[in-house]
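Everything below concerns the one structure shown next.
Throughout, read-outs are computed from the coordinates displayed, never taken from laboratory work. Computed from a predicted model, the values in this text were never measured in an experiment. All Cβ positions, glycine included, derive from the backbone under ideal geometry; neighbour counts span all protein chains shown.
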Amino acid sequence: MSSILPALECIQADDPLALTHCLHLPALVVTQLTFLRTLGWLLIAVHSPAPTAPCPRCGQVSTQVHQYHTRLVRDLAWADLRCVLHLVRRRFKCAACRRPFTEPLAALAPHARTTTRYAAHLLATVRTATVAQVARAEQHGYHAVEGSVYRQAAAAHPPGPPARRITRLGIDEIAARKGHGHYNLVLVDLETHQVFEQLPARDKATVHAYFAQWSAAARAAVEEVTTDFWAAYHEVVADLLPTARVVGDRFHVQQHVNEALNTVRREVQQQMAPADRAWLQAHRHVVLCNEEDLDVAAAVALEILKVYQPALDIAHTLKERLRTIYETAPDRASAATQLAEWLAAVAESGVAALVAVGAFVARWQEPILNYFVRRTTSGLVEGLNNKIKLVKRRAFGFRNDAHFRLRVLLACNGAP
């Protein structure tokens, strides 16, 4: 029976250390408990019973107490009471350094008037709320919460190469300030589904400088990189991650084709009579939607458009044909054959918008075909981008890129 039951610790009420056991803070002893009814505080007087303290500079153990001072330290709430420690803290004088120092206590968070566990509580709470919301809910100072959160986040997520080895990498950008041309680069570990870094810009110099910090072994470990068709990304990967297979995201390709189809639809619409133009405007979704997703009425409308508008028929057929290649091609070789036939059909169509998108596909043919090796997409990266947008909107934007980076890593990188 004793091997099945968990270990139990019985705390006797008449034990002089009962309150110390309940507080459960290392190296601190409770001496008094006071309830401040008007403030709603539970004030707990504590001190460290250790007769000595190690010097943080030289490590020499000191027994000479130089000074006593008291400090109020915020701790986790007890029930609905705000728990505050009334701590008697000592300053020792180091015999080796001849300089005073405050005794280090593991229970206290560094540079903050909170316990370590309360600081961890603030960090966990701020993952799904703003600093201001947490400060109001905890009845704690805004700058105190902000300082505690960003100190912990900076310690958990230092800039530089990731601690873990990355084998499959996702690259995408997000607008830091919508409409201002300011983009942050988001780097995602596709194996762990986590953002491991956010860079303040997406230009080639910034991206190159970051990956240049990685060791040769870390760069060689990257097997696959999924990204869109921003040239800077592909150039940096070719320079610094030469063994990685670059996958051009299929949804970006389909987006270019759909934009070309929509251009054809607008051109056709401008040449129609006013009544027909209004009808096509109202039914424009039937051209852009996946054909198998259309209901009966929409499918009939699409067939009518194809009969009376040959240009739309050609554009829509080629759009669906490319999507079929993505859905059904069993391997890269088969996809290469089918894509070559598709490019030939685009060239023969003579539709200017389609010819332009065909030139785009031909230019990026290698990364596009690499999709058919493992069928990797940027869907996960786009999903994390939506989460990042939520972080940004919740805070009404960030003026500080360093703070924005830390908040993103807190929200999208699990517990530190």
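Close amide-amide hydrogen proximity is noted between residue 182 and 176, 177, each under 5 Å apart and 5 or more residues distant or on a separate chain (H modeled in the peptide plane; Pro and chain starts excluded). Mind checking which lysines have their C-alpha under 29 Å from residue 204, skipping anything on the same chain fewer than 8 residues away? Cross-link targets: 178, 387, 389, 392. Each of residue 217 and residue 178 was given a label point 7 Å from its Cα along the Cα-to-Cβ line. The distance between the two points is 4.5 nm.
Could you give the angle, 0 to 90 degrees to the nearest 10, between helix 142-156's Cα long axis and the longest principal axis of the Cα atoms of the chain? Result, in degrees: 70.
Distance from the C-alpha centroid of the range 36-103 to that of the range 367-390: 50 Å, rounded to the whole angstrom. Across the chain, the relative contact order, built from alpha-carbon pairs under 8 Å that are at least six residues apart, equals 12 percent. Taking the square roots of 5 times each eigenvalue of the Cα gyration tensor of the chain, largest first, gives ellipsoid semi-axes of 62, 26, 20 Å.
The fraction of all Cα pairs in the range 1-107 landing in successive 10 Å bins from 0 to the largest distance is 13, 34, 28, 18, 6, 1, given as whole percents. Looking at the range 1-107, the DSSP beta bridges with both ends there are about 75 percent antiparallel. Annotation for the range 261-298 versus the range 127-188: alpha-carbon center distance of 43 Å.
Taking amide H positions as modeled 1.01 Å from N, with prolines and chain starts lacking one, the residues under 5 Å from residue 62 and 5 or more places away or on another chain are 53, 55.
In percent, rounded to a whole number, the relative contact order of the range 11-114 is 24, using alpha-carbon pairs under 8 Å and six or more apart.
Using a 10 Å cut-off around each Cβ, can you sort 196, 396 from fewest to most neighbouring Cβ atoms?
Going from sparsest to densest Cβ surroundings: 396, 196.
As a proxy for reagent exposure, ranking 121, 24 by other Cβ atoms within 10 Å from fewest up yields 24, 121. Filter the trypsin sites (Lys or Arg not before Pro) in the range 83-190 to those in DSSP coil with at most 16 other Cβ atoms within 10 Å of their Cβ, and list the result. Those satisfying the criteria are 98, 164, 165, 178.
The overall shape of the range 257-416 is oblate: from the C-alpha gyration tensor, with semi-axes ordered a ≥ b ≥ c, the ratio a/c is 1.5 or greater and a/b is no larger than b/c. Placing a label point 7 Å from the Cα of residue 129 along the Cα-to-Cβ line, no residue of the range 148-167 has its backbone N under 13 Å from it. For the residues 253, 307, 131, a GNM of the chain with alpha-carbon springs under 10 Å puts the largest fluctuation on 307. Each stretch of four or more DSSP H residues adds -39500 (n - 2.57); spread over every residue of the chain, this sum gives -14500 deg cm²/dmol at 222 nm.
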